[in-house]
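The values are calculated or read from the model by the stated rules, or taken from the named source; none is laboratory data. On a predicted model such as this, the values are computed, not experimentally measured, just so you know. When we count neighbours, we look across all protein chains shown, and the Cβ atoms used for this are built from the backbone with ideal geometry, even at glycine.
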Amino acid sequence: MRIVRRCALFICLLGASPWLSATTVAQLSFDEVIASAELVFEGRVLAVEARETGPRSIHTFVEFEILDVLKGEYAGASIELSYLGGRVGTRQLEVSEMQLPESGETGVYFVESLQVQQLHPLVGWSQGHYLIEKDANGRAHVQSAGHQPIRAVSIAPFAAAQTLNENGLASGVQIQSIRDERSAMSAAGFKALVRERVQELAP
């Protein structure tokens, strides 16, 4: 997986031997997130379910309703993405830094591959996961996966950090220093920017 410099796992299996390894995820620019995604879509989470996928493996499967496709081709009304980790009965597999979509949320999701199963299906993990929320006036705005309102997105070239920062954001994505949804970037504006960059970055 291109964006993981070292295997990004902290795994604890109840009833089995624990397994611990280092976590390092590279920070990408916003353009790199777009360019690396095979599919970008606006969707709503319909269901989240953990299933055993092997003697020592658990994956959490997230089903999304497709509301709008911003990049790529996808004709289906829904899509299911697989995340390594989860809990089934008394068995739990935990992956460090893994942030799963929540049932009922709406957002924009940058899927790295529709053919190859990844530890995390989104480009750059949280860097490819954006939420769409509505304020008290019904205005839809965009937030990071950590529920931080996004103020702006820079598309100018710049040097990316060696590793992902504590906010879990692609470089160039600017969040509000104070949680103020009134000046957050609109969902429509964010989607328009993604579509524009998709066209600009097309070979």
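Tell me which strands (runs of 3 or more DSSP E) are completely within the stretch 61-105 and hold 1 or more residues being buried (at least 16 other Cβ atoms within 10 Å of the Cβ), over 15 Å from the mean Cα position of the chain (by Cα) and in contact (Cβ under 8 Å) with a residue 24 or more places away in the chain, or say none if there are none.
Result: 86-88, 91-93.
Report yes if GLY54 is among the small types (Gly, Ala, Ser), at pLDDT below 95 and farther than 23 Å from ASN167 by Cα, otherwise no.
Yes, satisfied.
Would a scan of the stretch 132-147 turn up a residue that is hydroxyl-bearing (Ser, Thr, Tyr), touching a Leu at 6+ places or on another chain (Cβ under 9 Å) and either closer than 15 Å to VAL40 by Cα or in contact (Cβ under 8 Å) with a residue 40 or more places away in the chain (or both)?
No, that holds for no residue.
Filter the stretch 151-198 down to residues that are modelled with pLDDT under 95 and touching a Leu at 6+ places or on another chain (Cβ under 8 Å), then give me how many there are.
Qualifying residue count, the stretch 151-198: 6.
Please pick out the residue among GLN127, GLN143 that is buried (at least 19 other Cβ atoms within 10 Å of the Cβ) and touching a Gly at 6+ places or on another chain (Cβ under 8 Å).
GLN127
What's the total number of residues in the stretch 32-58 that are surrounded by fewer than 21 Cβ atoms within 10 Å (Cβ to Cβ) and touching a Lys or Arg at 6+ places or on another chain (Cβ under 6 Å)?
Matching residues across the stretch 32-58 total 1.
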